[in-house]
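Engineer: Below you will find the structure I want to go over with you.
The values are calculated or read from the model by the stated rules, or taken from the named source; none is laboratory data. Bear in mind the structure is a predicted one, so any value in this text is a computation, not a measurement. All Cβ positions, even for glycine, are placed from backbone atoms using ideal geometry, and neighbour counts span all protein chains on display. These area figures cover heavy atoms from the full protein model, side chains too; ligands, DNA and RNA do not enter into them. Shrake-Rupley method; radii C 1.70, N 1.55, O 1.52, S 1.80 Å.
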Amino acid sequence: MPIPEDELVVSLHRYHQLCDQLRNEHELRVRHRHGLARELRPDDWLDDVDGLLQDLRCLVHWLASLHVVAEGYREIKLHDDQIDELLTSSHADTLLRCRNSLFHFQKDYFDARFSELFRAGGEAMTWARDLHERLSEYLSSEIESRRGQ
């Protein structure tokens, strides 16, 4: 028996909530380390190699979970023009490779797929944050609209 679309959206929202917690934890750690009260800029995430290594677990887990949310969005055939456009970026493929590198054992400690997104620099981080924010808005709106049905 197929699962109703409303339940699929709620299931995807659960993954997004976990993803959101990981991103928020990472941003708090970066802000604390840099003493920042302002909004993070993409390069803030990449400018301190020692700090980045300390925070890598939060950052990489957030990015990997963001891929899972994007994958679920596609799998249950949701549509939003902005999200659909963001997912045409080559960064979406890079996000998948990052996730695979994290959750599948790699013999090479510095596996290229793991660091590919970071080498792309601030543009990739901006893209990831934009995708995350748009998915947040979209899923919140979908959950709210489905509550009224």
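Engineer: Looking only at the stretch 1-32, filter to residues that are part of a helix (DSSP H, G or I) and aliphatic (A, V, I, L, M); which one of those is surrounded by the most Cβ atoms within 10 Å (Cβ to Cβ)?
Structural biologist: Restricting to residues being part of a helix (DSSP H, G or I) and aliphatic (A, V, I, L, M), the top hit is Leu12.
Engineer: Could you check how many residues of the stretch 140-149 are open to solvent by 50 Å² or more (accessible area, probe 1.4 Å) and of a type in the set (Val, Ile, Thr)?
Structural biologist: 0
Engineer: A further question follows. Could you list, in sequence order, all residues of the stretch 56-114 that are β-branched (Val, Ile, Thr) and part of a helix (DSSP H, G or I)? Don't jump to the end; show me each part of the working.
Structural biologist: So the first thing to find is which residues in the stretch 56-114 are β-branched (Val, Ile, Thr), and the list is 60, 68-69, 76, 83, 88, 94.
The answer is Val60, Val68, Val69, Ile83, Thr94.
Engineer: Could you identify the single residue in Asp80, Asp108, Asp93 that is on the phi < 0 side of the Ramachandran plot and either at pLDDT 95 or above or of a type in the set (S, T, N, Q) (or both)?
Structural biologist: None of the other options fit; the residue is Asp80.
Engineer: Let me ask something additional. Evaluate the stretch 127-134: report whether one residue or more is modelled with pLDDT under 90, within 21 Å of Leu56 (Cβ to Cβ) and either out of contact with any helix residue (DSSP H, G or I) (no Cβ under 6 Å at 6 or more places or on another chain) or outside any helix (DSSP H, G or I) (or both).
Structural biologist: For the stretch 127-134, residues modelled with pLDDT under 90, within 21 Å of Leu56 (Cβ to Cβ) and either out of contact with any helix residue (DSSP H, G or I) (no Cβ under 6 Å at 6 or more places or on another chain) or outside any helix (DSSP H, G or I) (or both): absent.
Engineer: Look through Leu78, Leu86 and report the one residue that is of a type outside the set (Ser, Thr, Tyr) and in contact (Cβ under 8 Å) with a residue 60 or more places away in the chain.
Structural biologist: Only one candidate qualifies: Leu78.
Engineer: Now a separate question. In the stretch 99-139, which residues are free of Cβ contacts under 8 Å to residues at least 60 places away in the same chain, open to solvent by 40 Å² or more (accessible area, probe 1.4 Å) and of a type in the set (Ser, Thr, Tyr)?
Structural biologist: Tyr109
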